[in-house]
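Heads up: the structure comes next, in structure tokens.
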Amino acid sequence: MNALLPLSASELADDLDARGWSILPELLSPADCTALTALYDAPAHFRSQVHMARHGFGRGEYRYFAYPLPPMIADLRRALYARLAPIANRWHERMGLPVRFPADHGEFLARCHAAGQRRPTPLLLRYGPGDYNCLHQDLYGEHVFPLQVAVLLSDPAHDFAGGEFILTEQRPRMQSRAEVVPLAQGDAVVFAVNQRPVTGSRGDYRVTLRHGVSALRAGCRHALGIIFHDAA
Ligand SMILES: O=C(O)CCC(=O)C(=O)O
Ligand SMILES: [Fe+2]
């Protein structure tokens, strides 16, 4: 794992405030990406598998990790949370939401678990030709940490074509706009799970985000999703 500091804390916060997402370039090395991709075929690591087409979520499949998480993922989740919690607290303040997040991820997970959200949410996704992920939000109960992270494990230069990470933003009384997030292998995107604050002429207002993946034209694409709240 990289030092988690490819972007300075203020660059990360500035990007997230300005547009609701930010890239952490080369968060994982190619060797880490290969090792995580290989976990997909080791069922002991996972608590469940989802065939997206069966649920109307798109096409392709993903697997939710079981506890205990593989150490690399546990470390990433804890370290990323610590970086993002101050930003999450500032967002909640600006959006007029009363919940505040503790500095330590273990403490936040204890809050989720006490409310019945006990199942781990980090996941590995696998897409083949024609597969895609519909626009969605990863909400799994009352407790929601407002930022999440996805890491592209495959190399778009060699492994697949299409399969772009997409974010849409719905502003009050306006049509939605979409952005394609340009990711290279090992890059992570940090993005808003549900809503984010935007500064308007009469104070802050909230916009709603959704994310997804466009259809693959060829090849195979793996991604790691890190969500900070657990699931009911
Ligand atoms: O495959 C991707 O890049 C997106 C995965 C996703 O929806 C997530 O990590 O929540
Ligand atoms: Fe997702």
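What follows is calculated from the coordinates using simple rules that are stated; it is not laboratory data. Predicted, not measured: the structure shown is a model, and the values here were computed from it. A quick note on method: Cβ atoms are made from the backbone with ideal geometry, for glycine too, and the neighbour counts reach across all protein chains shown.
The fraction of all Cα pairs in the chain landing in successive 5 Å bins from 0 to the largest distance is 1, 7, 14, 19, 21, 18, 12, 5, 2, 0, 0, given as whole percents.
Distances between placed amide hydrogens fall under 5 Å for residue 229 paired with 145, all partners being 5 or more residues away or on another chain.
Database remark: amide H of residue 207 closer than 5 angstrom to the amide H of 196, 198 (H placed geometrically; neighbours at sequence offset of 5 or more, or on other chains; Pro and chain starts carry no H).
Relative contact order for the chain: 28 percent, from Cα pairs under 8 Å spaced at least 6 residues apart, divided by residue count. Under 5 Å from the amide H of residue 218 lie the amide H atoms of 130, 161, each residue being 5 or more positions distant or on a separate chain, with H modelled from the backbone and absent for Pro and chain starts. Comparing 150, 34, 167 along the charge dipole axis of the chain, the residue lying farthest to the positive side is 167, per the Cβ-charge model.
With θ taken as phi - 60° and the Karplus curve 6.51 cos²θ - 1.76 cosθ + 1.60 applied, the whole-hertz 3J(HN,Hα) list for segment 83-97 is 6, 8, 4, x, 5, 4, 5, 5, 4, 4, 4, 5, 8, x, 9 Hz, x standing for glycine and proline. Taken as Cα centroids, segment 65-126 and segment 33-64 sit 21 Å apart, rounded to the nearest whole angstrom. If only the Cβ of Lys and Arg carry +1 and only the Cβ of Asp and Glu carry -1, the dipole of the chain around its Cα centre is close to 820 debye. Scalar couplings 3J(HN,Hα) for segment 25-40, obtained by applying the Karplus form with A = 6.51, B = -1.76, C = 1.60 to θ = phi - 60°, are x, 6, 4, 10, 6, x, 5, 4, 4, 5, 5, 5, 4, 5, 4, 3 Hz; x denotes Gly and Pro. Sorting the segments 149-155, 31-37 by their residues' average number of neighbouring beta-carbon atoms within 10 angstrom, most packed first, yields 149-155, 31-37.
A helix-only calculation puts the chain at -8000 deg cm²/dmol for mean residue ellipticity at 222 nm, using -39500 (n - 2.57) for each DSSP H run of at least four residues, averaged over all residues.
In percent, rounded to a whole number, the relative contact order of segment 72-147 is 31, using alpha-carbon pairs under 8 Å and six or more apart. Take each peptide in 96-105, 186-195, 205-214, 139-148, count the other Cβ atoms within 10 Å of every residue, and average; sorted highest first, the result is 186-195, 139-148, 205-214, 96-105.
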